[in-house]
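The values are calculated or read from the model by the stated rules, or taken from the named source; none is laboratory data. In this text, all values refer to a predicted model and were calculated from it rather than measured experimentally. Here the Cβ is made from the backbone with ideal geometry for all residues, glycine too, and neighbour counts use every protein chain on show.
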Amino acid sequence: MIKRSFIIICLILLGFVSGVAADDTQIAQAAQSPAGRILPAGSKSSVDTSWVQKKYLDVPYASLSATQKLDLYIPNEGSGPYPLIIEIHGGGFISGSKSSQISPMLEAVKKGYALASINYRLSAEAIWPAQINDVKAAIRFLRANAARYGLDPERFATWGASAGGSLSALAGVSGGVSKLADPALGNATVSDRVQAAVDWFGPIYFSTMDAEFSALGTSGAMGLTNAATSAESKYLGKVIGTPEAQPLVEAASPRSYISADDPPFFIQHGTADRNIPITQSIDFARALAQAIGGGKVVYEALEGAGHGGSQFESAQNVAKVIAFLDKVLR
């Protein structure tokens, strides 16, 4: 049962953040949604990209692993330099690929954005921080080669969902943080900063996820993160909830790197998400707003939406994200 005091606290916190605030109905729906935590499969049927006249596929952005490749899509109209969206796929850090979740972002290519969809090493190949090392290496590669591809190196944004949302958020708040960058992956002197970040329902702080679901009254989702078999434990290489894992939880959390010079953020989370508690996004958005100002943070709770799906990928919602990027990048 959700305590009234908890709801009031959530609403107070949301007062710091622009966008659509969660209300009692949204919190209640999050608690009453069907039980069960299913990681995103990370694979979809092939997305039609034949209409994109200029694209570069399987471009290596580093050479340590065969995984370190990206696909780059250039708008058909205009001559650049184009603002760039770097799409980071989800899949619990254990699955997914650069072609699995690009459909919503491809709409931005029609609106004058270049799109880079990246692969990164999954947890079965390498544990954290390999994933954020790869994301930052891809950002540096794209900036170093901006003139070659017609990109504007001063207008880069990340966009990711679930695990990709976590990495998008981490990239957004940790520009220039050397301990999260691996210089051996190339272009070590090039900036890895981005000028905007989009986070769709990304996990932000692993250690409290089970407790947050419990506080929300969602019994079916409790006890699944603090386990050796959880995707988060496999990602860090230590069991979440143990003393050995805690330093890694802190180091992998976007909230650990929030600072006043962070870029604008757009954060969305479904009220019926059974994978990641909505309070992860609420708390992250509040902390960002306190650091960089509420006008630079948009948080929206999508009423009744689960862990991804049609409400996020609808034309109306994607247009809303693109409008945010238009505002902060153009």
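Tabulated data for the structure shown
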item: Condition met for PRO129 (closer than 21 Å to PRO254 by Cβ, modelled with pLDDT of 95 or more and surrounded by fewer than 24 Cβ atoms within 10 Å (Cβ to Cβ)); result: yes
item: Lone unmet requirement of (1) in contact (Cβ under 8 Å) with a residue 12 or more places away in the chain; (2) part of a helix (DSSP H, G or I) for GLU250; result: (1)
item: Residues located in region 186-222, provided they are touching an Asp or Glu at 6+ places or on another chain (Cβ under 8 Å), free of Cβ contacts under 8 Å to residues at least 60 places away in the same chain and outside any helix (DSSP H, G or I); result: MET222
item: Filter result (among the hydrophobic types (A, V, I, L, M, F, W, C), out of contact with any Lys or Arg (no Cβ under 6 Å at 6 or more places or on another chain) and closer than 15 Å to GLY160 by Cα) within region 294-323; result: PHE312, VAL318, VAL321
item: Positions within region 117-165 being small (Gly, Ala, Ser), outside any helix (DSSP H, G or I) and either closer than 19 Å to GLY176 by Cα or without any contact (Cβ under 8 Å) to a residue 40 or more places away in the chain (or both), in sequence order; result: ALA157
item: Only one of LYS179, LYS136 that is out of contact with any Leu (no Cβ under 9 Å at 6 or more places or on another chain) and among the charged types (D, E, K, R); result: LYS179
item: Residue identified as buried (at least 17 other Cβ atoms within 10 Å of the Cβ), part of a loop (DSSP other than H, G, I, E, B) and over 18 Å from the mean Cα position of the chain (by Cα) among THR229, THR225, THR242; result: THR225
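Every residue, every condition in (1) over 18 Å from the mean Cα position of the chain (by Cα); (2) within 17 Å of LEU64 (Cα to Cα); (3) β-branched (Val, Ile, Thr), yes or no:
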| position | (1), (2), (3) |
| --- | --- |
| TYR120 | no, yes, no |
| GLN131 | no, yes, no |
| GLU154 | yes, no, no |
| ALA157 | no, no, no |
| GLY175 | no, no, no |
| ALA188 | yes, yes, no |
| ASP199 | no, no, no |
